[in-house]
Amino acid sequence: MSEELKPAIKHPFTRALYELQSDGTVRVVDGDNEGLFKRDGRWISGELREADPQLCVWISNQPPPPEELESAWALSKEQ
Amino acid sequence: MAEAIKDLDPDNMVRSPGITYQELLDTDTHQVPEVLRLQSPKFLGDADVSIERYTTKEWHDKEVERLWKRVWQMACREEDIPEAGDHIRYDIAGISFIVLRTEGGTIKCYPNACLHRGRMLKEFDGRASELRCAFHGFCWSLDGDLVDVPANWDFPHVNASEFGLPEIPTATWGGFVFINPDQNCDPFDDFIKDLASQFERWDLSKMYKQAHVAKIMPANWKIAQEAFCEAYHVNATHPQILRSLGCVNSQVDVWENCARVITPSLTASPLLDYELTEQDMVRAMMDIPEGAPAPDLPEGMNARAWMAAGSREGNRADAGDLVDEYCDAEMVDNLDYTLFPNFHPWGAFNKICYRFRPNGNDHRSAIMECIMMAPFSGERPPPAEIRWLEEDEPWSAALGFLGRVFDQDAFNMPKVQQGLESTYKPGVTLANYQESKVRWLHHRLGEWVEGE
């Protein structure tokens, strides 16, 4: 995964930034605070102790490209 | 007793702030079909739904006896059994059926049990020239007639004319095969009429099964099903799409045996207290990472029209010029229908079709399936075989982007089951409008299971 295209999204309510790290953890930056979280939202480190678990689930769930999906199915081609 | 259902006046009912779905349809660039102009909001009471429906084996057992053994239910696609002898095994709550194509081309269904000693006749889907039991060799034709009894001298008491396989009622609609375990069931036409009238424009028989994915989910089948029956959950479960989905201003319509939730895409959620640009909505819809550029929209074109135009072109090769007849709403919105008790086809080109059922007789686990229906041109492509996901496999491994969304719903399911097992509160509380499809399902369930 390239640094420039690191999956990242801002939370629609808090505006905190959720960013997938290369080891599968999620870095969350909320104002001046940040924290590192597991895929299910469990805290690992940092002064920010809480994150939205569903946004951690979302950003850490990066499926293979459509051509590599095991089913003969490539919805992503139309997304 | 369940409260009586009351019609609501769509023009004067309590509803979310923000644009209504009907107002959104007024902005469509194409003619909006009548089916989308229908409104059937209902008030189904506001009493809590008892948690025993999700947590007790007693309720499951009642569901088996009073619902699953009596109700019409989708078993497979017609295209799954195209040739004589093609058969699928359909199981519901520990009961197994064979659904097959006969030599004459009709579809029949039999209990999956030998009439001699009761062994299951077919363990797997496949193609067979006859139905021969692997235990002692009793054999039936595809039409269910007894044709061979090894050492039949020892069975003078078996009269072939009285030893045919019992026929289970079958019916087809939209390319789907339905069965009813009750040989004295009500007519299928009465069961399907509400849904069929809604789908006259969206002929699912002309689609093919592009994908079929299944997984055992660690929750009661209704917990799994209800995760897909309202859009209220989007704000907490799918926050990433809130900028492009009109979640709480979805339109919910309830008829007797079907209901729908229409959730508009590319209109911002009324729950957000800030303005979004059309490009913001496109970014959210396309899951474009922060910092990466979003596409520029043509001058004067909003996000809905732009995305709909793209979807038309994406579908044109397979769907032909039919795409020009479909309005923007049909191309981009989420037209989520439910036929009682567990069948969920989506309208237009949304492709999704869910089915939820108990996992055998374990009331704490369910089989969730997603069938993807797609248009095609020329010869019908072969239907996708079912792919079963392992316990630790995400839906995204099979369904990509869409599977990512399911994985968020799946993340909740075991926690809902555990919460309901732990709560001191005897019932779950539902929203009056947004969750009225969930309440309708329970209303119908009450009628079937408790005779309400």
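Only the coordinates and a few stated rules stand behind these numbers; no lab work does. Because the structure is predicted, anything quoted here is derived from the model rather than measured. Backbone-built Cβ (ideal geometry, glycine too); neighbour counts: all protein chains shown.
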Next on the checklist: B:V405 - would you say it is away from chain A (no Cβ under 14 Å), within 20 Å of the chain's Cα centre (by Cα), at negative phi and in a helix (DSSP H, G or I)?
Outcome noted: no
Checklist entry - Consider B:P414 against the criteria (1) within 30 Å of B:E65 (Cα to Cα); (2) within 14 Å of chain A (Cβ to nearest Cβ); (3) in a loop (DSSP other than H, G, I, E, B): it satisfies all of them except one. Which criterion is unmet? => result (3)
Next on the checklist: Quick check on B:L271: is it of a type outside the set (K, R), within 12 Å of another protein chain (Cβ to nearest Cβ), assigned to a loop (DSSP other than H, G, I, E, B) and in contact (Cβ under 8 Å) with a residue 24 or more places away in the chain?
Outcome noted: yes
Checklist outcome for this item: Requiring at least 3 residues that are farther than 27 Å from B:D273 by Cβ, the strands (runs of 3 or more DSSP E) wholly within segment A:2-60 are A:43-46
Next on the checklist: Which residue is nearest to the other protein chains (Cβ to nearest Cβ), if the candidates are limited to segment B:389-400 and must be of a type outside the set (G, A, S) and under 16 Å from B:C353 (Cα atoms)?
Outcome noted: B:L399
Checklist entry - Name the residues in segment B:252-275 that are small (G, A, S) and over 16 Å from the mean Cα position of the chain (by Cα), would you? => result B:S265, B:A268, B:S269
Next on the checklist: Against the condition farther than 23 Å from B:R201 by Cα and either among the hydrophobic types (A, V, I, L, M, F, W, C) or buried (at least 23 other Cβ atoms within 10 Å of the Cβ) (or both), how does B:M368 come out, does it pass?
Outcome noted: yes
Item to check | Residues (farther than 16 Å from B:I168 by Cα and touching a residue at least 40 places away in the same chain (Cβ under 8 Å)) located in segment B:78-98 | outcome: B:E78, B:E79, B:D80, B:I81, B:E83, B:A84, B:G85, B:D86, B:A93, B:G94
Checklist entry - Do we find a residue being basic (K, R), loosely packed, with under 15 Cβ neighbours inside 10 Å and over 23 Å from B:I92 (Cβ atoms) anywhere in segment B:397-406? => result no
Next on the checklist: Test of understanding: among B:V147, B:V158, which residue is among the β-branched types (V, I, T) and assigned to a loop (DSSP other than H, G, I, E, B)?
Outcome noted: B:V158
Next on the checklist: If I filter segment B:431-449 for residues that are touching a Pro at 6+ places or on another chain (Cβ under 9 Å) and under 24 Å from B:L242 (Cβ atoms), do I get at least one hit?
Outcome noted: yes
Item to check | Residues within segment B:314-369 that are in contact with a helix residue (DSSP H, G or I) (Cβ under 6 Å, 6 or more places away or on another chain), under 26 Å from B:K215 (Cα atoms) and among the hydrophobic types (A, V, I, L, M, F, W, C), tallied | outcome: 7
Checklist entry - What tally of residues in segment B:311-329 results from selecting those that are under 13 Å from B:T29 (Cβ atoms), within 14 Å of another protein chain (Cβ to nearest Cβ) and small (G, A, S)? => result 1
Next on the checklist: So, B:E63, is that one in a helix (DSSP H, G or I), within 25 Å of B:G451 (Cα to Cα) and in contact with a Leu (Cβ under 9 Å, 6 or more places away or on another chain) or not?
Outcome noted: yes
Next on the checklist: Could you check segment B:171-185 and list, in sequence order, the residues that are in contact (Cβ under 8 Å) with a residue 60 or more places away in the chain and out of contact with any strand residue (DSSP E or B) (no Cβ under 8 Å at 6 or more places or on another chain)?
Outcome noted: B:D182, B:C185
Checklist entry - For segment B:167-252, which fully contained strands (runs of 3 or more DSSP E) count at least 1 residues that are within 14 Å of another protein chain (Cβ to nearest Cβ) and surrounded by fewer than 20 Cβ atoms within 10 Å (Cβ to Cβ)? => result B:207-217
Item to check | Tabulated pairs, segment B:320-331, first touching a residue at least 60 places away in the same chain (Cβ under 8 Å), second basic (K, R), C-beta under 6 angstrom, 6+ apart or interchain | outcome: B:D328/B:R304
